[in-house]
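Chemist: Shown below is the structure under consideration.
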Amino acid sequence: MAGLSAALTAAKAGTPVIVVEREARPGGFAAQFCCKATDSCAYCGACIADEILREVGESEKVQLHLGTTVDSVAGNGVSFKAKLSGSGGEIDAGAVILATGFEPFDPKAQRSATALAEHPDIVSAVDIERMLREQGQVVRPSDGKAPEKVAFIQCVGSRSRRFGSPECSRVCCPYAIRIARRIKWQQPDCEVAVFHMDLQGIRKIAVDMYGQFAGEIDFIRGIPAEAVPGPNGGVALKYELTNTGQIKRSEYDIVILSVGISPRPDTEAVGASFAVGRDSMGFFKSRSPLEPCISGTEGVFLAGACSGPKDIRDSIAQGRAAAHAALNWIQGKDG
Ligand code: SF4
Ligand code: SF4
């Protein structure tokens, strides 16, 4: 979505844009996320993403190459020539914006080393986003029934030296609370618990939402050590209440893993093609923390979660900033 936001910004400024998208559909994960509004907007940004998709589709200045990748690229300090896969041919560009996105952490890596069972009703938050978008409500994957008890487990693939990243992914507390609130609003009798270490998140929105919804959502401080098939067909969680040290067990109909943001597996290869380095987490590295859109290579700019965890709204904002930086670069050369 950062890339489409950049494309639209440049197109509105009158500059032709070529978007090379590896997937068959544009928009990345943001285009699969659902509206989390209840009786009021939850400010998740999913509808802004939909609007950008629509505008890009209507823009005569944006040429979309779907299901296409860049096979090779050559730059001469002034412009870039890229060979596209398949019948995409060769394209010339005055500047490049990398917006290759992110990979949600795959809990399989954690599953094999911890008591996190294979169970149809243990799903990732990305699965639940898609379910809400397509079906309009959360149901138990194994039998399609409305759940009576739902648990979120936070920090899956984040804040861990063993699995995923040691850093906070910043987006998963806000999205978990928004989805939890949406479930509770649609199904008021459903018990919803959020197991967490502490709540973090972009713009402290998670902390504000915690204060707002603590009465209806059960925020439990402690990450379950075990998620295994329960005696009643659900998922049994074993956890320690960190404030008392008490060990508890509870069974839930659905357990939602709040997976973090990882770099895409092709980040190293794409970075090598454009001589863009990576940071300690494996994301694309900007020239300096004060210039998050500017890479270390002249004429190459960065947008969205390919340079670190961001939510939809920050990705869109960085896409716009990257487009302005790229246009300035082109004008500077031409001028
Ligand atoms: S910002 Fe999110 S919650 Fe609000 S209307 Fe848009 S999609 Fe729905
Ligand atoms: S945003 Fe919340 S769930 Fe995500 S890594 Fe940070 S603390 Fe954990």
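Chemist: Out of curiosity, is Ile256 farther than 30 Å from Cys306 by Cβ and within 16 Å of ligand 2 (Cβ to nearest atom)? Don't jump to the end; show me each part of the working.
Modeler: Details: farther than 30 Å from Cys306 by Cβ: no; within 16 Å of ligand 2 (Cβ to nearest atom): yes.
For Ile256, the condition - farther than 30 Å from Cys306 by Cβ and within 16 Å of ligand 2 (Cβ to nearest atom) - is not met.
Chemist: Can I ask one more? State whether one or more residues within the range 137-152 are out of contact with any Ser or Thr (no Cβ under 8 Å at 6 or more places or on another chain) and part of a helix (DSSP H, G or I).
Modeler: From the range 137-152, those out of contact with any Ser or Thr (no Cβ under 8 Å at 6 or more places or on another chain) are 137-148, 150; that's our starting set.
Filter once more, so that each one left must be part of a helix (DSSP H, G or I): none.
Checked the range 137-152: no residue is out of contact with any Ser or Thr (no Cβ under 8 Å at 6 or more places or on another chain) and part of a helix (DSSP H, G or I).
Chemist: Taking the condition of being within 13 Å of Trp185 (Cα to Cα), open to solvent by 50 Å² or more (accessible area, probe 1.4 Å) and more than 7 Å from ligand 1 (Cβ to nearest atom), how many residues in the range 38-55 meet it? Walk me through it before giving the result.
Modeler: So the first thing to find is which residues in the range 38-55 are within 13 Å of Trp185 (Cα to Cα), and the list is 38-42.
Imposing the further condition that a residue be open to solvent by 50 Å² or more (accessible area, probe 1.4 Å) reduces the set to 39-41.
This time we only want the ones that are more than 7 Å from ligand 1 (Cβ to nearest atom), so: 39-40.
The qualifying residues number 2.
Chemist: I'd like to know if the range 73-89 contains one or more residues that are within 30 Å of Gln187 (Cβ to Cβ) and small (Gly, Ala, Ser).
Modeler: Kept after step one, since they are within 30 Å of Gln187 (Cβ to Cβ), are these residues of the range 73-89: none.
Within the range 73-89, none of the residues are within 30 Å of Gln187 (Cβ to Cβ) and small (Gly, Ala, Ser).
Chemist: Search the range 206-221 for residues being crowded, with 19+ Cβ neighbours inside 10 Å and at pLDDT 90 or above, and hand back the single one that is farthest from His196 (Cα to Cα).
Modeler: Among residues in the range 206-221 that are crowded, with 19+ Cβ neighbours inside 10 Å and at pLDDT 90 or above, the one farthest from His196 (Cα to Cα) is Ile217.
Chemist: Of all residues in the range 254-286, which are closer than 14 Å to Gly296 by Cβ and in a strand (DSSP E or B)?
Modeler: Selection gives Arg278, Phe284, Ser286.
Chemist: Out of Ile153, Ile91, I need the residue that is touching a Leu at 6+ places or on another chain (Cβ under 8 Å) and either surrounded by fewer than 20 Cβ atoms within 10 Å (Cβ to Cβ) or basic (Lys, Arg) (or both). Which one? Let's see the steps before the verdict.
Modeler: Numbers: Ile153 fails: either surrounded by fewer than 20 Cβ atoms within 10 Å (Cβ to Cβ) or basic (Lys, Arg) (or both).
So the residue among Ile153, Ile91 that is touching a Leu at 6+ places or on another chain (Cβ under 8 Å) and either surrounded by fewer than 20 Cβ atoms within 10 Å (Cβ to Cβ) or basic (Lys, Arg) (or both) is Ile91.
Chemist: Considering every residue within the range 127-150, establish whether at least one is within 16 Å of ligand 1 (Cβ to nearest atom), within 26 Å of Ser280 (Cβ to Cβ) and either modelled with pLDDT under 95 or of a type outside the set (Gly, Ala, Ser) (or both).
Modeler: no
Chemist: Looking at the range 21-28, is at least one residue in a helix (DSSP H, G or I) and in contact with a strand residue (DSSP E or B) (Cβ under 7 Å, 6 or more places away or on another chain)? Spell out how you get there, then give the answer.
Modeler: Initial filter on the range 21-28 (in a helix (DSSP H, G or I)): 28.
Imposing the further condition that a residue be in contact with a strand residue (DSSP E or B) (Cβ under 7 Å, 6 or more places away or on another chain) reduces the set to none.
Within the range 21-28 (the criterion being in a helix (DSSP H, G or I) and in contact with a strand residue (DSSP E or B) (Cβ under 7 Å, 6 or more places away or on another chain)), the answer is no, since none of the residues qualifies.
Chemist: Which pairs do you get when a residue that is among the small types (Gly, Ala, Ser), found in the range 184-198, comes within reach of a residue that is open to solvent by less than 70 Å² (accessible area, probe 1.4 Å) and outside any strand (DSSP E or B), reach meaning Cβ atoms under 9 angstrom, with the pair 6+ apart or on two chains?
Modeler: What qualifies is Ala193/Ala180; Ala193/Ile217.
Chemist: In the range 144-176, what count of residues is obtained for those that are in contact with a Lys or Arg (Cβ under 7 Å, 6 or more places away or on another chain) and more than 9 Å from ligand 2 (Cβ to nearest atom)?
Modeler: Count: 2.
Chemist: So which residues in the range 283-296 are modelled with pLDDT of 95 or more and open to solvent by less than 50 Å² (accessible area, probe 1.4 Å)?
Modeler: If the condition is that a residue be modelled with pLDDT of 95 or more and open to solvent by less than 50 Å² (accessible area, probe 1.4 Å), then Phe283, Phe284, Ser286, Cys293, Ile294, Ser295 are the ones that fit.
Chemist: With respect to Pro16, determine if the residue is within 19 Å of Asp266 (Cβ to Cβ) and either more than 16 Å from ligand 1 (Cβ to nearest atom) or buried (at least 16 other Cβ atoms within 10 Å of the Cβ) (or both).
Modeler: Working: within 19 Å of Asp266 (Cβ to Cβ): no; either more than 16 Å from ligand 1 (Cβ to nearest atom) or buried (at least 16 other Cβ atoms within 10 Å of the Cβ) (or both): yes.
Against the criterion (within 19 Å of Asp266 (Cβ to Cβ) and either more than 16 Å from ligand 1 (Cβ to nearest atom) or buried (at least 16 other Cβ atoms within 10 Å of the Cβ) (or both)), Pro16 does not qualify.
Chemist: When the range 157-205 is examined, which residues are found to be small (Gly, Ala, Ser) and outside any loop (DSSP other than H, G, I, E, B)? Break it down stepwise before answering.
Modeler: First, pick out the residues of the range 157-205 that are small (Gly, Ala, Ser): 157-158, 160, 164-165, 169, 176, 180, 193, 201.
Hits for the range 157-205 are Ala176, Ala180, Ala193.
Chemist: Can I ask one more? When the residues of the range 168-186 are narrowed to those that are out of contact with any Phe, Trp or Tyr (no Cβ under 9 Å at 6 or more places or on another chain) and among the charged types (D, E, K, R), which ends up most open to solvent (accessible area, probe 1.4 Å)?
Modeler: Arg170
The values are calculated or read from the model by the stated rules, or taken from the named source; none is laboratory data. Since this is a predicted model, take the numbers as computed values, not measurements. Quick reminder, even Gly has a Cβ in these numbers, built from the backbone with ideal geometry, and neighbours come from all protein chains shown. SASA here: full protein model, heavy atoms, side chains in, ligands and nucleic acids out. Shrake-Rupley method; radii C 1.70, N 1.55, O 1.52, S 1.80 Å.
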